[in-house]
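The values are calculated or read from the model by the stated rules, or taken from the named source; none is laboratory data. Note that the structure is predicted; figures quoted are calculated from it, not measured. A quick note on method: Cβ atoms are made from the backbone with ideal geometry, for glycine too, and the neighbour counts reach across all protein chains shown. Note: accessible area is taken over every heavy atom of the protein model, side chains too, but ligands, DNA and RNA are not part of it. Shrake-Rupley method; radii C 1.70, N 1.55, O 1.52, S 1.80 Å.
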Amino acid sequence: MPHRDSLGSASASFPLSGHVTYRGLRKRIGITKKNNDGRAAEPNKSQFGGAVLALLALAIFINYVDRGNLATAAPLIKNDLQLTNVQYGLLVSAFFWIYAPGQIVASWLIQKINAYRTLSIGLAVWSAATVASGLATGFVTLLLFRVLLGIGESAGFPASSKLLAEHLTSAQLGKANGLVSSGIYLGPAFGTFVGGLLIAHSGWRLLFVGFGAISLLWLVPWKLQTRALSDKVQAEASAKEPPFRELLSKRQLWGASIGHFCSNYPFYMVLSWLPLYLVKSQGYSITAMAQLSGVVYALAAIICFGSGWLADRWIAAGASTGRVRLAMICSVHLTWLLCMTACGLGSARLAIAGLLVSSLAMGMGGCNLYTIGQTLAGPRASGKWIGVQNAIGNLAGIAAPVVTGALIDWTGRYSVAFLVTGAVSICGAGAWLLLV
């Protein structure tokens, strides 16, 4: 009989499915540790305190502040560096050229030197790239710095997912992922609002240099809080992780990856083009654009944490894990379709309403995408699983900005780009229903 809390009936025969406990996975790979009474030992979750969880959330927040600076400053950078819409789209997508495959490299590095150290190295690299971007003199140099930014930021989600899955129980993952993933939206909210005000008064270069330098300060409390945990992990014999070829043979991984792509496509379309859309198409000033964009992302952050908390409570009340996650993630794709249709076919007022409602899709998606992957993979495989899933999912970051720029240049309007985005999103619901 399938396990009642699995993420789908197919996962009953899936060796890394969500209902497999940490104890069961360790036993399966032959390295079960024993307590003094002879029973298999569970991981020590008490060592993973609230301070470490808060720093993980802060790291993802910084991640999205630094990557979103380009979109915030786009109206000024385009004029200053004389960029076309296609060139701007290439700058946005260049980040993902290396960020997507970099997820696999980061997953490998986590296995070699542990997740704590991998995240430290990644943040140092992406902060330096942010500072350097403020010194760019043209399209080519800015393109190179965006690629370097992608190398550093590729460590974020494989490392954080590995730590969450290893140290938290499945009943805690929803709220924890809601907190960590809220940085996906608080980052753009803060970056767009504060960054928009900053560039309005001091220009776009100070935005990159200042934010990049401040980001480096995160390394100090992270080292202080995690040095002992990192040394302990490094000293212990590492459990054998499933190879990539085994993970890639799983239908659920491909379904989750396709669903992730289709959820990310509208998010990255909005993230990269919302400032330009509001300024160029809707006639907003830089300051007004920053305020409205900040509201959209702030709402998404609140919904992200709230949906994670709600999912955990719903499951604790006796609901099937699979039904809860599936209901939420399919609602994400349906909401994106409605919002993008409103933006593409509606009046200016309806389009703005659609953008505001899109915060619901952003928030629910950010929380559930990683929770589902961590649950399906289990503690030992979560780093590699999320690495693969996030790599494929973030190919949307390459496609969405460039396709959107080409459609705008071709049609002279944003409406077609919005409708194409909605069509891509609804395909994700099919992936979750049919493959996961």
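Distance between the modelled labels on LEU135 and ILE113, one decimal in nanometres: 2.3 nm (7 Å Cα→Cβ projection). Residues of region 290-320 with an amide N closer than 16 Å to a point placed 7 Å from the Cα of VAL194 along the Cα-to-Cβ direction: 290-291, 294-295, 297-298. Structure note, pairs LYS112/LYS162; LYS112/LYS250; LYS112/LYS175; LYS250/LYS384; LYS223/LYS384: Cα-Cα distances above 22 angstrom occur for LYS112/LYS250; LYS112/LYS175; LYS223/LYS384. Within region 282-299, which residues have the backbone N less than 11 Å from the label spot 7 Å out from HIS201 along Cα→beta-carbon, could you tell me? Nothing falls inside the zone, counting backbone N under 11 Å.
Here's the picture: a label point sits 7 Å out from the Cα of SER285 along the beta-carbon direction, and within region 167-211 the residues with their amide nitrogen under 16 Å of it are 193-194, 196-203. Charge tally around ALA73: other residues with Cβ under 14 Å, Lys/Arg +1 each, Asp/Glu -1 each, net +2. Helix 183-202 and the long axis of the chain differ in direction by around 30°, with both axes built from C-alpha atoms. Against the chain, whose longest principal axis is taken from its Cα atoms, helix 286-316 shows a tilt of about 20°. Expressed as a whole percent, the accessible area of the chain that falls on carbon and sulfur atoms is 66 (1.4 Å probe). Fully extending the segment from LEU55 to CYS427, taken as 0.36 nm per residue of separation minus the present Cα-Cα distance, adds 130.5 nm. Using a simple spin-label model with pseudo-atoms 7 Å out from Cα toward Cβ, THR411 and GLN82 lie 3.0 nm apart. In this view, the solvent-accessible surface of ILE104, computed with a 1.4 Å probe and all protein chains in place, comes to about 60 Å². Between the helical axis of 251-276 and the longest alpha-carbon principal axis of the chain there is an angle of about 30 degrees. The residues of the chain have, on average, 38 Å² of accessible surface per residue, using a 1.4 Å probe with all protein chains present.
Here is how the number arises for the chain: DSSP H runs of 4 or more residues each give -39500 (n - 2.57), the sum is divided by the residue count, and the result at 222 nm is -26000 deg cm²/dmol. Relative contact order of the chain: 28 percent, from C-alpha pairs under 8 Å at least 6 residues apart in sequence.
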